[in-house]
1. Taking amide H atoms as placed 1.01 Å from N in the peptide plane, list the residues 5 or more away in sequence, or in a different chain, whose amide H sits under 5 Å from that of Gln266.
2. At 222 nm, what helix-only mean residue ellipticity would the chain give, in deg cm²/dmol to the nearest 500, using -39500 (n - 2.57) for each DSSP H run of four or more?
3. Using the reciprocal of the averaged 1/r over all distinct C-alpha pairs, how large is the Kirkwood radius of the chain in Å?
4. Just how large is the dipole of the chain about the Cα centre, in debye to the nearest 20, putting +1 at every Lys and Arg Cβ and -1 at every Asp and Glu Cβ?
5. Would you mind checking which residues have amide H under 5 Å from Ser28's amide H? H placed 1.01 Å from N; only 5 or more apart, or other chain.
6. What aspartates and glutamates could a cross-link reach from Lys150, if we take a straight Cα to Cα line under 20 Å and drop same-chain neighbours fewer than 8 places away?
7. For His135, project a label point 7 Å along Cα to C-beta. Then give me every residue of region 74-115 with its amide nitrogen under 17 Å of that point.
8. Starting at the first residue of region 7-15, write each ³J(HN,Hα) from the Karplus equation 6.51 cos²θ - 1.76 cosθ + 1.60 with θ = phi - 60°, in whole Hz, x for Gly and Pro.
Amino acid sequence: MSKTIIIGGGFVGLFTVLHLCHHKYPQSVTLIDQKDHFIFNPLLYELMTGEMTPDQVCPTYRELLKGSSATFFEDQVDRIDLEQRKIYLSSDTHYDYDNLVLALGKKSGYFGIEGAENYAFPFRNRDDALKLSQHLQKSLQKAGQTEEDKSRQRLLTFTIVGGGPTGIEMAGTLADLLYRWYSKIGGNLEEIKILLVSRPKELLKGDINAHLRDIVKKAFQHRPIKIDLILGASVSKVTASTVEYQKEEETHSIETNTVIWAAGTQTNPLLRSLNIAPENRAKNGSLHILPTLQLPEYPNVFAAGDCIFQSELHLPPTAQVAYQQGKAIANNLIAKVKGNSLKPAEVKLRGSMMKLGINESAANIFDRFEVSGEVGHLIREATYLELLPTPIHDFKVTTTWIIDEIFHRHSD
Ligand SMILES: Cc1cc2nc3c(=O)[nH]c(=O)nc-3n(C[C@H](O)[C@H](O)[C@H](O)COP(=O)(O)OP(=O)(O)OC[C@H]3O[C@@H](n4cnc5c(N)ncnc54)[C@H](O)[C@@H]3O)c2cc1C
């Protein structure tokens, strides 16, 4: 029996496996991920705020694949030999494969900025969200008990680096969350400061959500805590209690107890180590692929999602693209077994959505409607809950109803 191995159980990897199992793929399928659970990244904010639980946002692979024919191994892949068709794991084991799916995503990127990796909080996974949530609560508690003005102000200053969707969603969410939490302990809300530092002079520069910029600015004005935008500013250093940035050739320093890193990503080091010709890689190390999502030099290897060079396909590196590509890979693996020809992957963009506060979001749907405020929030929640791979029946019933209701209302 031939063996298919999928490395990485994010949106690409998990949806490839689920689709293969759903279609009763007759060959052996193994998923390998370095952690035991999937992460539904768009809902990490809800995990941070406590609106959703870890098992809803990060269900385990064992749970998700229960009763399926696929096998899951929790391990880190350290090396791949594409010529010999072997992968080597941290646990000192190795596997042979016939077909391989590279679904490795990206990692946080710090651009060599001094102190950023050590002192800034990343926000990419379950542990990041839970750790940040705890840190925020501790900072507020401590601030409530601190008499000295300068120290209290530092504890109440929250700095987000990055003016892309993650930075914006974080700023909007914090403005509501910190207000709620600090009110509960009777703190002086006027002392809380949220700063968003961005290198580009405008928010969402070059992003799929760029057309939502005005809605974002308006939503920020209505948050209970002001969000100060520091645009055209390059962060140059982060310490345990400060963040330093350059703007118009001057160096500024902010006293802050919390720096959240939403400023960039880098290629997974495992991808960089692959024996792939330079012309089949983009400048940042991500992979060029054929329209069928195969690697040009190794037709038995597929790759998709954040680890490939999506720009040449004119697609954004997002979850909605990744899960559709996962499905396309599964279809091509099935075609291979049946001896049919492989098809180019088709991805349909359904619009874009952003969380702008606890009960506020903006959604652009099929490029036809732009919806903000609470209705936008309902659409975002409903869409994501629909996509959650766990069969949570109650959610599905409610969300289908919400989607029908909203589309009906807005297409009149
Ligand atoms: C906070 C946040 C919010 C987001 N919000 C949205 C949104 O609202 N809408 C949207 O469309 N997109 C959103 N995204 C982007 C989206 O999450 C990504 O585009 C998507 O996850 C890419 O899927 P992927 O499968 O390529 O990679 P990932 O989902 O990152 O999965 C990669 C997997 O590979 C595993 N892995 C990596 N290296 C190894 C190794 N050496 N060995 C074993 N396993 C390994 C990782 O553990 C991980 O499970 C958001 C991202 C973040 C961080």
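1. Amide H to amide H, under 5 Å and 5 or more residues apart or across chains, Gln266 pairs with Lys107, Ser108, Gly109.
2. Working: 13 runs with 143 residues, N = 412.
Helix-only estimate at 222 nm: -10500 deg cm²/dmol.
3. Numbers: mean 1/r = 0.0441 Å⁻¹.
Over the chain, the inverse of the mean reciprocal pair distance is 22.7 Å.
4. Numbers: 45 positive and 49 negative charges, 100 e Å.
Taking the Cα centre of the chain as origin, the dipole is about 480 debye.
5. Distant-sequence amide H within range of Ser28: Ser2, Thr4.
6. By straight Cα distance, Lys150 reaches Glu190, Glu191, Asp228, Glu244, Glu255.
7. 108-111, 113-115
8. 9, x, x, x, 5, 5, x, 5, 5
No value in this document is a laboratory result; all are computed from the given coordinates. Note that the coordinates shown come from a computational prediction; the quantities given were computed from them, not determined experimentally. With ideal geometry, Cβ positions are generated from the backbone for all residues, glycine too; neighbour counts draw on all protein chains shown.
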